[in-house]
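S.K.: The structure follows.
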């Protein structure tokens, strides 16, 4: 899974109905974690349509587990369906991400929060690499997340780098995202973001905007939706459409029970 290639790297959000602005369905990650012994599982479908290549992640799995109040373990991996001009359609599992998020500073629930979220992008399966839907080699992702409430808005910023570890062909990559949200009522939140990604010395150079919502259907089930596009024409490899639709499942007590509202 490659953020600069398919915009399909996602991270995590609060594992409680009190919403945060970052994380699925957005590309920008926030500093929040699920809480002790809680699971947050995001299962989504995400199409990314470019000029000559269409990628669809279906499903996209993002599994998060809370260790204490401020630590989170994460694993995510997508199954990719790709169609390209004058090429046969291909499918397969792409690169995964394994990481640990640490919220090392929290002023208050609505005040400043800061976290780091180091992750490793795993080597792509041989078959998927040959099909062009995964990358060979290992990369390290080093992002920082910052959030706080400003008036009626919840604001989140994330910036980071991908660093090649074991591949002579991979390039350094940097990204940043700025996300906003407003909770109209406890079960409904409007969200949006601007996200920029730059593969150094190569395409694509992506700057996109998107908007969507989170809708709590039950204490343990949240509907997620987002849609957007690039600011520029897709001649530079930028997507002319991307979206995310999925569900967030919240589990307590090491997955033994559904989330209960506190």
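No value in this document is a laboratory result; all are computed from the given coordinates. What you are looking at is a predicted structure, and each value in this text was computed from that prediction instead of being measured. Glycine gets a Cβ as well: all are built from the backbone with ideal geometry, and neighbour counts include every protein chain shown.
S.K.: Starting from the Cα of residue 144, step 7 Å toward the Cβ, then list every residue of the stretch 83-126 with an amide N under 20 Å from that point.
M.R.: Residues 100-108, 111-120 qualify, since their backbone N sits under 20 Å from the label point.
S.K.: Give me Rg/Rg_expected for the stretch 59-123, where Rg uses Cα atoms only and Rg_expected = 2.2 N^0.38 Å with N residues.
M.R.: Working: Rg = 17.0 Å, N = 65, 2.2 N^0.38 = 10.7 Å.
So the stretch 59-123 has a normalised radius of gyration of 1.58.
S.K.: Once you put a point 7 Å from the Cα of residue 207 and another 7 Å from the Cα of residue 184, both along the Cβ direction, what distance in nm separates them?
M.R.: With each label placed 7 Å out from Cα toward Cβ, I get 3.0 nm.
S.K.: So what is log10(I(q)/I(0)) for the stretch 37-80 at q = 0.16, 0.28, 0.29 1/Å, when the Debye sum runs over its Cα atoms only?
M.R.: For the stretch 37-80, the Cα-only Debye profile gives -0.52, -0.90, -0.93.
S.K.: Need the C-alpha centroid separation for the stretch 86-101 versus the stretch 144-176, integer Å.
M.R.: Between the Cα centre of the stretch 86-101 and that of the stretch 144-176, the gap is 20 Å.
S.K.: Per 10 Å bin, what is the whole-percent P(r) computed from every C-alpha pair distance within the stretch 73-204?
M.R.: 11, 30, 33, 19, 7, 0
S.K.: Extension gain residue 61-residue 89, at 0.36 nm per residue separation less the Cα-Cα distance, in nm? The partial results should precede the final answer.
M.R.: Numbers: separation 28, 0.36 × 28 = 10.08 nm, distance 2.17 nm.
Additional length available on full extension: 7.9 nm.
S.K.: Provide the gained length on full extension for the span residue 73 to residue 37, in nm with one decimal, where the gain is 0.36 nm per separating residue minus the Cα-Cα distance. Don't skip to the end; give the middle numbers.
M.R.: Working: separation 36, 0.36 × 36 = 12.96 nm, distance 1.07 nm.
Fully extending the segment from residue 73 to residue 37 adds 11.9 nm.
S.K.: Still on this model: In nm, to one decimal, how far is the residue 153 label point from the residue 166 one, both placed 7 Å along Cα→Cβ?
M.R.: 4.3
S.K.: Moving on. Averaged across orientations, what area in nm² does the convex hull of the alpha carbons in the chain project? Intermediate results must be reported in sequence, preceding the final value.
M.R.: Numbers: hull surface 52.7 nm².
So the Cα hull casts an average projection of 13.2 nm².
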